[in-house]
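Some notes on the structure that comes next.
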Amino acid sequence: MKPMFLTEVEQAEPKGAYSGTIAGMRAAGLPVPQIMHLFAFKPDRTEHLSAFTQGVMRGPSPLAPGFRELIAAFTSRRNDCLF
């Protein structure tokens, strides 16, 4: 994965709900999705966005969560964004 444009965000010590996930991924040698770096950089400003995203993707809906994930992956691919 390409480094982020804002390297200080990517290299900062992660905080909040995503800190454990990021640490685990780093320890396993896995790439960390850039959005996780952003959420962990200033969690007091991104917790609401994370909760909104989880609500949209996992909350009640006529579409199954897997189908919503498929739509998100398709949209990301169309935008040349790794999902």
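The values are calculated or read from the model by the stated rules, or taken from the named source; none is laboratory data. Values in this document were obtained by computation on a predicted structure and should not be read as measured data. Here the Cβ positions follow ideal geometry from the backbone for every residue, glycine too, while neighbour counts run over all protein chains shown.
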Inset, instruction - Considering only region 1-31, state which residues are surrounded by 11 or more Cβ atoms within 10 Å (Cβ to Cβ), of a type in the set (A, V, I, L, M, F, W, C) and touching a residue at least 12 places away in the same chain (Cβ under 8 Å). - result: M4, V9, A12, A17, I22
Legend entry - Candidate set from region 32-59 (those that are outside any helix (DSSP H, G or I) and surrounded by fewer than 16 Cβ atoms within 10 Å (Cβ to Cβ)); member that is nearest to the chain's Cα centre (by Cα): K42
Inset, instruction - Might you check whether a residue that is in a loop (DSSP other than H, G, I, E, B) and at pLDDT below 95 occurs anywhere in region 66-80? - result: yes
Inset, instruction - Would you please name the residue that is modelled with the lowest pLDDT, looking only at residues in region 1-26 that are more than 23 Å from D80 (Cα to Cα) and assigned to a loop (DSSP other than H, G, I, E, B)? - result: A12
